[in-house]
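*Asks:* Before anything else, here's the structure in question.
What follows draws every value from the coordinates through simple rules; no lab data is involved. The model shown is predicted, which means the values in this text are computed figures rather than measured ones. Heads up, the Cβs are rebuilt from the backbone with ideal geometry, glycines too, and the neighbour counts pull from every protein chain shown.
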Amino acid sequence: MRILGHRGASADAPENTLASFELALAQGADGVELDARLCASGEVVVFHDETLERLTGRPGRVAKTPWATLRTLEVAGAGSRARIPLLREVLEALPRSAFVNVELKADLGGLLLARRVARLLLEGNHQAHVVVSSFQPLCLLALAGYAPTLRRAYLLEPKRPWWLESGVLAPLVGRDGVHPEDSQLTLARLRSWHARGREVAVWTVDDPVRARTLKGWGVDSLITNRPGLLRAALAEGSSG
C-alpha cells in the first residue's frame, strides 16, 4: 500500500511546496498528492485554493495573477514559509521512484489545464509514476483525449449523490482509479471497485488506527497530511 503525502507533509511544512514534498519523502512516504491550476500567464502552478489569501496573505485569484507575481509570493504553514512552485519544477525535483498524484483544480480553464498538464507529463516522460485525478469529469475526459496513455482517477465528491458519483461518473472517467473520501469507503465498495479493475486511494487519512484497518482491507493508497506518523504506525502494526 502506498502512502502519499497530502500536499506533501502538510502538517509539518507549507503545503504544496517543494519543502513539503521533500519532507514527505524523508518521512517515508511513497509519493505525494499535489494540486495543479493555471495562473493568468498560462503556467501550471502547484496551489490548492482559487484565491491567494489563506496561504499567502495576499488578496486575489490565482487565475488572475501572472507567474511573475506568484513567483515572488510564499506559502505559510507549520511555522515556516516556502515559495509557490511550478508543476514542471516539482516533477523535475522529485525522484522518479516517487509516485505523484496530480489533482487538476479546474475553474473555467479546466480543459486548457488538462491539455497543459498532459503536455508536461508526456514531454517529461512521467507516465510511469503519475496518476492524474480530478473532481471534474470534463477535465478527465479532456485528458483522455489529449493523452490516452496517462493514468486517470476520479475524485468522488461527498456532496454529490452517490449513485451519480460511483455508478455513473466513476466508471466513465476514472479508467484507472477512484479516490473516495474516507467516510465514503466501505469494504464492500472497495471490493466492488477492485473487481472492476480500479485502484482505490482514500483521502484524507491521518488516524493510525484507521490506516491499519484500511491496509488490512487492501486499499491501494492512503493520502495523508502526516506520512511520517502513518509510516511508523503501519510498520509497528506489521511487526506486532
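*Asks:* Which order do the peptides 214-224, 88-98 come out in when sorted by mean C-beta neighbours inside 10 angstrom, highest first?
*Replies:* Top of the packing list down: 214-224, 88-98.
*Asks:* Follow-up question, since we're still on this one. What is the log10 of I(q)/I(0) for the range 2-239, computed with the Debye formula using one identical point scatterer on each Cα and no solvent, at q = 0.08 Å⁻¹?
*Replies:* Treating every Cα as an identical point scatterer, log10 I(q)/I(0) equals -0.28.
*Asks:* How much length is gained if the chain between Leu187 and Ala76 is pulled fully straight, taking 0.36 nm per residue apart and subtracting their Cα-Cα distance, in nm to one decimal?
*Replies:* 36.2 nm
*Asks:* Let me ask you something else. So for the pair Arg61, Glu89, with labels modelled 7 Å out along Cα→Cβ, what separation do we get in nm?
*Replies:* Result for the modelled spin labels: 2.4 nm.
*Asks:* Need one number: nm distance between label points at Ser97 and Gln127, each 7 Å from Cα along Cα→Cβ, rounded to one decimal.
*Replies:* Using points 7 Å along Cα→Cβ, the separation is 2.4 nm.
*Asks:* Around Asp207, what is the net charge, scoring Lys/Arg as +1 and Asp/Glu as -1 over all other residues with Cβ under 13 Å from its Cβ?
*Replies:* +2
*Asks:* Could you compute the FRET efficiency for Trp163 and Leu138, with r as their C-beta to C-beta distance and R0 at 25 Å, rounded to 0.05?
*Replies:* Plugging the Cβ-Cβ distance into 1/(1 + (r/R0)^6) gives 0.80.
*Asks:* On a full-extension model of 0.36 nm per residue, what is the gain between Ala26 and Arg115, subtracting their alpha-carbon distance, rounded to one decimal in nm?
*Replies:* Roughly 28.9 nm would be gained on extension.
*Asks:* Shape of the range 133-240 from its Cα gyration tensor (a ≥ b ≥ c, root eigenvalues): rounded if a/c is under 1.5, otherwise prolate when a/b > b/c, or oblate?
*Replies:* Judged from the Cα gyration tensor, the range 133-240 comes out prolate (a/c at least 1.5, a/b above b/c).
*Asks:* While we're here: With +1 assigned to the C-beta of every Lys and Arg and -1 to the C-beta of every Asp and Glu, and no other charges, what is the dipole magnitude of the chain about the Cα centre in debye, to the nearest 20?
*Replies:* It works out to roughly 420 debye.
*Asks:* Right, here's the next one. If I stretch the segment between Thr51 and Ala195 completely, what's the gain in nm (0.36 nm per residue apart, minus their alpha carbon distance), one decimal?
*Replies:* Gain on stretching Thr51 to Ala195: 47.9 nm.
*Asks:* Something else: Hey, can you grab everything whose amide H is under 5 Å from the amide H of Asn225? Only 5+ residues off in sequence or another chain; H modelled, so Pro and N-termini drop out.
*Replies:* It is His6, Val205, by chain and number.
*Asks:* Could you tell me the distance between the Cα centroids of the range 166-240 and the range 34-66, to the nearest Å?
*Replies:* The range 166-240 and the range 34-66 have Cα centres separated by 29 Å.
*Asks:* Can you order the peptides 70-83, 141-154 by their average number of other Cβ atoms within 10 Å per residue, highest first?
*Replies:* Ranking, from highest mean packing down: 141-154, 70-83.
*Asks:* Right, here's the next one. Kindly rank 20-28, 1-9 from highest to lowest mean number of other beta carbons found within 10 Å of each residue.
*Replies:* Final packing ranking: 1-9, 20-28.
*Asks:* How far is it, in nm, from the label point at Thr149 to the one at Ala68 when both lie 7 Å from their Cα along the line to the Cβ?
*Replies:* 3.7
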